[in-house]
Structure formats: structure tokens, C-alpha cells
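Before any comments, here is the structure.
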Amino acid sequence: MSTSLETAAASTKALRTLYFTRFGFAVVWAVLTMAIAKSINPAAGVLLVIYPLFDVAAAVIDFRTSGSTRQRSPLYVNMGLSLLATIGLAIAAASGIPAVLRVWGAWAITAGIVQLVLAIQRYRLGGQWPMILSGGISVLAGGSFVLMAGKPDPSLTTVAGYAILGGVFFLISAIRLHRLAGKVN
């Protein structure tokens, strides 16, 4: 096996592990959010800022494991957007659910675009169709969060559902990467 092929294989394995981890986190986070976040309370506020912070950590891990085999600049953008979302959500939580939905929606739109670009760039790695779909759906979901913020009785339940759906896309992509790795070995 050549060195560049070994590097690509290790990078793909790291990406697969990261995707499995992101799935597990999304499901646990969503279940906790549905149980706790009927209104904005301290526990809900913590959950709201933990999600984008986890996204920053995942992007850092992705950046460190991607080596020279993958485009890295979208990861910088993703880290910046997620840090801004963390700050925005911390501030918005003091103003109520509509403000949270607006910030979450803006983050979902911008992060979805970045995810779409990154998945297209990684297409040759395989297993990226779910990430392409997830990025596109994130943009649409973000728009719906912004619209929901202006309606009566907005809820954080939709944000939890969004996290689960995103987690499922990470799971599907991880499984696809695992199967592709099995074919190469």
C-alpha cells in the first residue's frame, strides 16, 4: 500500500468514527432537549450552547485528521460559524424561544451551505451523498426555523427533530464509509 493511499484510508476511518460519534451525540442531545426544553430555562440554555460547541470540536477533530487528503478551508468557516452560533444562542436564550429559533435558523442555513460544499469536495472519498442531502435540508430547515419564530407558540422540539435528522445522515454516511473501506481492504 502506498503512503498516500494509507493516509487516505486513515483519514476516511477517522471521518467514519467522527460521523458515528456525531450521530450518538445528536440523538442524546435531542432526547435531552425534548425532555428539558419546554421553555428556556438554565438547563435548556446549557443544551442550546453545547450543540454548536460540539460542532466546533467535531470540526477541529475533522481538521486534525483530514491531513492533506481533504479540503480544510470550509472547516475553518464551520468553526467560526459554530462559535458565532454559540455566542448568539447564549444571548438569544435570554430573549426567549423566537430569538433562539432565529439564531438557530441562521446557523442552520449557513452551516448547511458549508456542509454542502464540504461534502461535494469530499465526494471522491465516498459516502457523501447523505452529507450532501443533509446540507441541503439544513438550509431549508434553517429557513423554516426563522419562519417558525414569528408564529404563535414556537417550540424547540423542531430543533431537536432537526438534530436527530442530521444525526441519521451522519450515521448513514458513516455506514457507507465503513462499507467502502471494507471493499478497499
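The values are calculated or read from the model by the stated rules, or taken from the named source; none is laboratory data. Just so we're clear, the structure is a prediction, and the values are computed from it rather than from any experiment. Because the Cβ atoms are built from the backbone with ideal geometry, glycine has one as well, and the counts that use them run over all protein chains shown. Heads up: the accessible areas ignore ligands, DNA and RNA and are worked out on the full protein's heavy atoms, side chains in. Shrake-Rupley method; radii C 1.70, N 1.55, O 1.52, S 1.80 Å.
The residue of region 1-25 that is surrounded by the most Cβ atoms within 10 Å (Cβ to Cβ), among those that are at pLDDT below 85 and of a type in the set (Ser, Thr, Tyr), is THR12.
Scanning region 125-139 for residues that are within 22 Å of SER155 (Cα to Cα) and open to solvent by 30 Å² or more (accessible area, probe 1.4 Å) gives ILE137, VAL139.
Could you say whether any residue in region 48-71 is without any contact (Cβ under 8 Å) to a residue 24 or more places away in the chain, among the aliphatic types (A, V, I, L, M) and buried (at least 21 other Cβ atoms within 10 Å of the Cβ)? Before the answer, list the steps.
Residues of region 48-71 without any contact (Cβ under 8 Å) to a residue 24 or more places away in the chain: 50, 57, 59-60, 63-64.
If we keep only those that are among the aliphatic types (A, V, I, L, M) as well, we get 50, 57, 59-60.
Then drop every residue that is not buried (at least 21 other Cβ atoms within 10 Å of the Cβ), which leaves 59.
The answer is yes; a qualifying residue exists.
Checking each residue in region 74-99 for being at pLDDT 95 or above, under 27 Å from VAL117 (Cβ atoms), β-branched (Val, Ile, Thr) and surrounded by 15 or more Cβ atoms within 10 Å (Cβ to Cβ) picks out only THR86. Within region 103-124, restricting attention to residues that are crowded, with 21+ Cβ neighbours inside 10 Å and not small (Gly, Ala, Ser), which residue is nearest to PHE23 (Cα to Cα)? This residue is GLN115. Do we have any residue at all in region 157-174 that's of a type outside the set (S, T, N, Q), open to solvent by less than 30 Å² (accessible area, probe 1.4 Å), part of a helix (DSSP H, G or I) and more than 21 Å from VAL27 (Cα to Cα)? No, region 157-174 contains no residue that is of a type outside the set (S, T, N, Q), open to solvent by less than 30 Å² (accessible area, probe 1.4 Å), part of a helix (DSSP H, G or I) and more than 21 Å from VAL27 (Cα to Cα).
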